[in-house]
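The block underneath contains the structure these notes are about, expressed in structure tokens.
The values are calculated or read from the model by the stated rules, or taken from the named source; none is laboratory data. All of these numbers come straight from a predicted model, not from anything done at the bench. Methodologically, a virtual Cβ is constructed for each residue, glycine included, from the backbone with ideal geometry; neighbour enumeration extends over all protein chains shown. Just so you know, the surface numbers come from the protein's heavy atoms only, side chains and all, with ligands and any DNA or RNA stripped out. Shrake-Rupley method; radii C 1.70, N 1.55, O 1.52, S 1.80 Å.
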Amino acid sequence: NDRGFNLSFQYANNAIRTSKYNIFTFLPLNLFEQFRRLANAYFLFLLILQMIPQVSSLSWFTTAVPLAIVLSITAAKDASDDINRHKCDKQVNNREVEVLIDGELKKEKWMDVQVGDIIKLENNEFVTADLLLLSSSEPLNLVYVETAPNNCLDKFKGTLTVNGQAYSLDNDKVLLRGCTLRNTEWCFGLVLFGGPDTKLMQNCGKTVFKRTSIDHLMNILVLAIFGFLATMCAILSICNAIWEANEGSAFTMFLPREPGVSGSLSSFLTFWSYVIVLNTVVPISLYVSVEIIRLGNSFFIDWDRKMYYPKNDTPAQARTTTLNEELGQIKYIFSDKTGTLTQNIMTFNKCSINGKAYGENNRGERKTPRVDFSWNQLADSKFTFHDQSLVETVREGNPEAHAFFRLLALCHTVMPEEKKEGELIYQAQSPDEGALVTAARNFGFVFRSRTPESITVMEMGRKVVYELVAVLDFNNIRKRMSVIVRSPEGKTTLYCKGADTIIYERLHPSCSNLMKVTTDHLNMYAGDGLRTLVLAFKNLEEKYMEEWRKRHNEASTAMEGREERLEELYEEIEKDMTLLGATAVEDKLQDGVPQTIEQLAKADIKIWVLTGDKQETAENIGYSCNILREEMNEVFIVAANTAEGVRRELQSARRKMCPDAAEEPSVIKARAGLFWLKKTQTVQDEKVNGEYAMLINGHSLAFALEEDLELELLRTVCMCQTVICCRVTPLQKAQVVQLVKRYKQAVTLAIGDGANDVSMIKAAHIGVGISGQEGMQAVLSSDFSFAQFRYLQRLLLVHGRWSYLRMCKFLRYFFYKNFTFTFVHFWYAFFCGFSAQTVYDEWFITLYNTVYTSLPVLALSLFDQDVNDRWSFQHPQLYAPGQQNLYFSKKAFVNLTALSCYSSLVLFFVPWAAIHDTVRDDGKDIADYQSFALFAQTCLLIVVSIQMCLDTYHWTAVNNLFIWGSLAAYFAVTFTMYSNGIFVIIPSAFPFVGTERNTLNLPNVWLTIVLTSLLCILPVVAYRFILMQIRPTINDKVRHRARKDPPPTPSLHRPVRRVSTRRSGYAFSHSKGYGDLVTSQRFLMMRPVKSQAMRFSHIAPTEN
């Protein structure tokens, strides 16, 4: 604890930093990042070109003003995002913890904690850094923490040297940052690693800048546009050279060339002049408009009251503002289980005792009153049960009921804590065990205390101390647990609980009738999605027991074949048992989970569960929340312990699902990305008849993720509707996500609530954090967060789908209006000697994108919706176009380019033909350049505004204001800028004086505007109408129905009763070996932790 000495080693401090800038680096770094965008760098180059008089025919401000606006808005947005990161970092770094300094405990900020410090933590506090546990308030210096081991976080090797004596350190003696101290008053720890060196930060995965598929497509399209621009400029410069050679000499008399400028040099300069004139084909405001749209749609998520969880005062939050539209394109969801799908709260709902069923008839419907346990002074006030007859049966002294609850009070590894008389706290290895022991407590059989040799129970108010003879522990093969106890009267009994199939094999033949009745009850419980256990007992003769114990001691101390010999003894004694009944425990799902999963499945989204829980637990939850269904053709289990075994199991499953499929996967290799430098490999989907699911264990997954097996794994699991990966590490979670990203070219989403989900959240295209009970690490690493899993369907089916629809409409319209604007310049070049003269007024060019067309398209992109949220929930199939990328793609881009080309032809040649050789009523000529420029730009703005109206599905006051207001603003600005007053002030900047009065007061001009608009719009309307009649989309059908029918009523979150004959396996999340610890002199007091809990024990080193 010598800070001065420790500082000499230059260990990392405990501060974390996720922000990108500080006050000094913001401006240079942000400008550097912005100019890395191709479009911004291009417009900076244009601005430089416009400073050259021989090249530019446009004033510098036509590019400088829009570029400055774009850079400023983007910088403000980036600054806002980074300020939020600084706030989050500051919040974490400024947390306080007690540090032992000069023999006194002093408050220090987390960021000031150093390696070598000794710190004190108290109950419910986050662990500050990676600590070596020195001591705690609990027996044997135990502490209990919440959250699961991260990748390799369960491995630690070190050596502690005290007074020349070396002591080995392993993970049992280490507390990791990211955990939360639970049910432990205090503990002291020595800081081993701080800040970025902590195992949590080392395993959080690399933070990558996530970009949407539309971002990548836009970059490719912008590159293609550059090529198209260069082609147009080259064509026009060549035409200029030809024109100069053939016609130009006739004009040199009154328009002489500058000294030293030849025809070839003139052509070269014309190329760069047209780069400036046609620059609008590369939209300068594209990226900033996209950022504004995303920011606005992010606010809609933040403000959505239907995603607000009042119980915890937690609103939904869009933590990243750059990924909204990708929420409308999700194909695969990777979900954690505990705390994400479930509440991790177990409740004792029903039971069957001696052939009679107790508990509610209808799960979820509280028709019967809550049982009053006031007669039991030691009852848990939080426990609820709704069948009074069971209390009456117990209080009447029914021997079977007493034996049933006596078993629950004795057969477990739970530890009690009684700090005050009668205030019992059970420290359970899993919530399941805690629920059963609490049930026994409330029904009068109160587990009070234990020692390595005894268990004390209060039975209906009478204290009974049982001698604990042996614990026959659970493991994955046994799927059962037994205890052997001796009562004060000297009666020795074996009590056993376990999976029904396992217990039934070991029952006495006399139990056959009772077994049939109990089986019916188990089927009923399984149909409700409850987790079931069967209970049985056996009375043992003392003589046999003495002989068995002797053999048990010999087997326990054997150096070879110990496990096999013990297993034989367990098998011998656990037979001919008498059936007592069965329990039914509910692992409470979060509200609305089954309905959400059902909706997402209808949207053709595949859901994979990646959990650290054991197979049986995950499988039970799979059935409870409808990920697994009884009607599925088959549920495959991959659990081999060798690479070859995993290969065989995967191939066997694949051949059953698709017998005609080729043995080798079909992999399509291609190139993608900017300049087509990125190589991609895509594994094709294969058609499967029927619905299948797969469960795969973590050790099998480790083999399957190896390079020679990964394609076989991916090919097989993608044939399944549902995949559940059990006992997986966080790194494996991330590897599964990356495998799908790499070979499926589909958009992925990962959702979790704990620190062990961070790597998965960062690996997926979209990361969603549940702000639950496992801290905020997942939320801090996520792109979106909310409090309940059920909000995911609203995030995707409503906000995601609308965001994708709006973004695609925006891009289609944005490129259309800019291309149409630019192509008119191209046609005009053939009438101006390819001289790079602009067809529009310079002020119109400056204001077209920034004022006249910016607000209407933003309104469309923020408020448009094809159908409302109720119809979106009613028809999840509306989500499919986003997954298939139908609304904006390279094909859609080519189509809109063709439409822009047609519109520009109409917009140029119809007005040109209308005023060519035309005179006014007074005989004056109106076919001058300025009149034609005003005529053409007015037609253009009206046509693109009408096109906007056609694309708007959902009209709001804002849409109306912006569309009609922009047109009104255009005419107001035009009349102002073309007025005599402005001309007098700055004649060189406003040369179009009086043009609007001479042009817009002519009837044939307005008639031509109407004709031009009809010629541009009618083909679009006709095409859409015919397509809707011949090949209507799901969107067309639902919109048609929405116009006729009232909106569907919101669905209520009623529990879904699942009809099933399947029963759960052993329900508990046990690990092998706790029975030995309970009966040892190092007996462990287990605290209530989550099913994914880490448990740390530490024996303080001594000098002995």
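Descriptive notes on the structure:
- Screening residue 616 on (1) open to solvent by 10 Å² or more (accessible area, probe 1.4 Å); (2) more than 19 Å from residue 411 (Cβ to Cβ); (3) charged (D, E, K, R) shows it passes everything except condition (2).
- Residue within segment 311-323 that is under 30 Å from residue 585 (Cβ atoms), polar (S, T, N, Q) and open to solvent by 10 Å² or more (accessible area, probe 1.4 Å) present: yes
- Within the set 87, 20, the sole residue that is crowded, with 16+ Cβ neighbours inside 10 Å, of a type outside the set (Asp, Glu) and closer than 30 Å to residue 117 by Cβ turns out to be 20.
- Which listed residue is hydrophobic (A, V, I, L, M, F, W, C), part of a loop (DSSP other than H, G, I, E, B) and under 40 Å from the mean Cα position of the chain (by Cα), from 815, 789: 789
- Test: residue 885 is out of contact with any Gly (no Cβ under 7 Å at 6 or more places or on another chain) and modelled with pLDDT of 90 or more: no
- Filter result (over 14 Å from residue 702 (Cα atoms) and open to solvent by less than 70 Å² (accessible area, probe 1.4 Å)) within segment 738-748: 740, 741, 743, 744, 746, 747, 748
- Among the residues listed as 574, 554, 598, the single one being open to solvent by 10 Å² or more (accessible area, probe 1.4 Å) and in the same structural domain as residue 509 (by the TED database): 554
- The number of residues in segment 842-866 being open to solvent by 10 Å² or more (accessible area, probe 1.4 Å) and either part of a loop (DSSP other than H, G, I, E, B) or hydrophobic (A, V, I, L, M, F, W, C) (or both) comes to 10.
- Residues located in segment 316-353, provided they are part of a strand (DSSP E or B) and among the charged types (D, E, K, R): 331, 350
- Matching residues in segment 554-592 - criterion: being under 20 Å from residue 495 (Cα atoms) and among the polar types (S, T, N, Q): 578, 583
- Residues of segment 814-833 satisfying the condition of being at pLDDT below 90 and of a type in the set (A, V, I, L, M): none
- When residues of segment 446-484 are limited to those that are acidic (Asp, Glu) and under 18 Å from residue 542 (Cα atoms), the one modelled with the lowest pLDDT: 453
- Test: residue 43 is closer than 30 Å to residue 268 by Cα, surrounded by 13 or more Cβ atoms within 10 Å (Cβ to Cβ) and at pLDDT 80 or above: no
- Per the listing 64, 79, the residue uniquely under 30 Å from residue 837 (Cα atoms) and part of a helix (DSSP H, G or I) is 64.
- So residue 487, is it modelled with pLDDT of 90 or more, hydroxyl-bearing (Ser, Thr, Tyr), in the same structural domain as residue 407 (by the TED database) and open to solvent by 10 Å² or more (accessible area, probe 1.4 Å): yes
- For segment 519-560, residues that are within 51 Å of the chain's Cα centre (by Cα), hydroxyl-bearing (Ser, Thr, Tyr) and part of a helix (DSSP H, G or I) total 3.
- Odd one out for residue 23 among (1) of a type outside the set (Phe, Trp, Tyr); (2) at pLDDT 75 or above; (3) not in a loop (DSSP other than H, G, I, E, B): (3)
- Residues considered: 8, 80. Of these, the only one that is open to solvent by less than 70 Å² (accessible area, probe 1.4 Å), among the small types (Gly, Ala, Ser) and not assigned by the TED database to the domain that holds residue 825 is 80.
- Wholly within segment 413-479, strands (runs of 3 or more DSSP E) carrying at least 2 residues that are without any contact (Cβ under 8 Å) to a residue 12 or more places away in the chain: 415-420
- Residues in segment 625-654 that are closer than 19 Å to residue 703 by Cβ and surrounded by fewer than 14 Cβ atoms within 10 Å (Cβ to Cβ) were compared, and the one that is modelled with the lowest pLDDT is 641.
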